[in-house]
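Visitor: Below: one structure in structure tokens.
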Amino acid sequence: VAGVAYPASDPFVLAAGSVWDDSYGARTVEDAQDHTTAADRVSGYSQRHPTLTDILAPGGVIVGARDGGGFLNKQGTSMASPFVSGAVLIAQQLAQREMSRFLAFDEFRTLIRDTAVMVNDGDDENYNVSATGANYPRLNIFAMAEALLNNPGPPSISVHTRRARW
């Protein structure tokens, strides 16, 4: 579905869309019908906008815990969001360890976009919704972590001063 709704439309929120992480055959979520699915295909049900979407992440099929026990399979943009949340935690831990500070929101947004794999919406998707034809960054946690490990912050400098004696 072209467009982004609240809360993803808030400028202080990372707008996450969804890609399939594997081939699951035909899938229908609400009114969106993916006639075929495959890794890195934009999910037909996913919200996306050429300038408002920050990142795509796997959103189907995700195995989750079922209330009362057991497991269930789900798909949706809401299933992609936990991947992005996990990336935030990993990035902040590495930034704290390697740079002795946390990343600002815009730094993290730039980092995940710069280390992402680009996915085109419409090059190989097979669904009943209109493709945007735009390229979107798909989360690549390994490349994100490597970028933080290979780009440590400035070296630590200790300055010792003496008190003047009069």
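The values are calculated or read from the model by the stated rules, or taken from the named source; none is laboratory data. Computed from a predicted structure; not experimentally measured. FYI the Cβ positions are ideal-geometry reconstructions off the backbone, even for glycines, and counts take in every protein chain you see. To get the accessible areas, we keep the full protein, side chains included, count just its heavy atoms, and leave off ligands, DNA and RNA. Shrake-Rupley method; radii C 1.70, N 1.55, O 1.52, S 1.80 Å.
Visitor: Mind listing the long-range amide H neighbours of V119? Cut-off is under 5 Å, sequence gap 5 or more, other chains count too, H placed in the peptide plane at 1.01 Å from N.
Guide: It is Y136, R138, by chain and number.
Visitor: What does the charge count near Q33 come to, summing +1 for each Lys or Arg and -1 for each Asp or Glu among other residues with Cβ under 12 Å from its Cβ?
Guide: With Lys, Arg at +1 and Asp, Glu at -1, the net is -3.
Visitor: Which FRET efficiency, nearest 0.05, do D67 and E30 yield, Cβ-Cβ r, R0 30 Å?
Guide: For R0 = 30 Å, the calculated efficiency reads 0.90.
Visitor: Which far-off residues, 5 or more places away or on another chain, put their amide H under 5 Å from the one on Y127, with H placed in the peptide plane?
Guide: The answer is H35.
Visitor: Give me the net charge for the shell around M79: Cβ to Cβ below 13 angstrom, other residues only, Lys and Arg +1, Asp and Glu -1.
Guide: +1
Visitor: I'd like the Karplus ³J(HN,Hα) series for segment 22-36: coefficients 6.51, -1.76, 1.60, θ = phi - 60°, whole numbers in Hz, and an x wherever there's a Gly or Pro.
Guide: Computed from phi, the couplings for segment 22-36 are 6, 8, 10, x, 6, 9, 10, 10, 6, 8, 8, 10, 8, 6, 9 Hz.
Visitor: Give me the percent of the accessible area of segment 3-121 that comes from carbon and sulfur atoms, probe 1.4 Å, all protein chains in place.
Guide: So the carbon and sulfur contribution to the accessible surface is 54 percent.
Visitor: From Cα pairs below 8 angstrom and at least 6 apart in sequence, can you work out the relative contact order of the chain, rounded to a whole percent?
Guide: Value for the chain: 24 percent.
Visitor: Provide, as a two-decimal number, the C-alpha radius of gyration of segment 62-118 over 2.2 N^0.38 Å, N being how many residues it has.
Guide: Rg over 2.2 N^0.38 Å, computed on Cα atoms: 1.47.
Visitor: Go through [x] 27, 17, 14; [y] 39, 17, 14; [z] 33, 19, 13 and flag the label whose value is the computed semi-axes √(5λ) of the Cα gyration tensor in Å for this structure.
Guide: It is the value labelled [y].
Visitor: I've got another one for you. Using 0.36 nm times the number of residues separating S78 and S23, minus their current alpha carbon distance, what extension gain do you get?
Guide: Length gained, S78 through S23: 17.9 nm.
Visitor: Report the residue, chosen from P50, P58, P11, that carries the largest GNM mean-square fluctuation when the chain is represented by alpha-carbon nodes joined by springs under 10 Å.
Guide: So, out of P50, P58, P11, the one fluctuating most is P11.
Visitor: Determine the per residue accessible area of the chain with all protein chains present and a 1.4 angstrom probe, expressed in square angstrom.
Guide: On a per-residue basis, the chain sits at 61 Å².
Visitor: Still on this structure: Between D106 and L52, what length in nm is gained on full extension when 0.36 nm per residue of separation is reduced by their alpha carbon distance?
Guide: 18.0 nm
Visitor: Quick one: angle between helix 141-150 and the longest Cα principal axis of the chain, in degrees between 0 and 90, rounded to 10, please.
Guide: With rounding to tens, the tilt is 20 degrees.
Visitor: Okay, next question. Given a cut-off of 17 Å, what percent of all Cα-Cα pairs of segment 12-109 lie beyond it?
Guide: The proportion of pairs with Cα distances above 17 Å equals 57 percent.
Visitor: Mean residue ellipticity at 222 nm from the helices of the chain, using -39,500 (n - 2.57) per DSSP H segment of n ≥ 4 over the full residue count, to the nearest 500 deg cm²/dmol?
Guide: For the chain, the value works out to -8500 deg cm²/dmol.
Visitor: In whole Å, what is the distance between the alpha-carbon centres of segment 27-77 and segment 106-127?
Guide: Between the Cα centre of segment 27-77 and that of segment 106-127, the gap is 15 Å.
Visitor: Tell me, what HN-Hα J-couplings in whole Hz come from the Karplus equation 6.51 cos²θ - 1.76 cosθ + 1.60 at θ = phi - 60° for each residue of segment 41-58, using x for Gly and Pro?
Guide: After applying 6.51 cos²θ - 1.76 cosθ + 1.60, I find 8, 5, 5, x, 7, 5, 5, 6, 8, x, 10, 9, 7, 7, 7, 10, 8, x Hz.
Visitor: Figure the gain on full extension for F12 and V88 (residue separation times 0.36 nm, minus the Cα-Cα span) and round it to one decimal in nm.
Guide: 26.0 nm
Visitor: Under a Cβ-Cβ cut-off of 13 Å, what is the net charge of the residues other than P137 that fall near it, where Lys and Arg count +1 and Asp and Glu count -1?
Guide: 0
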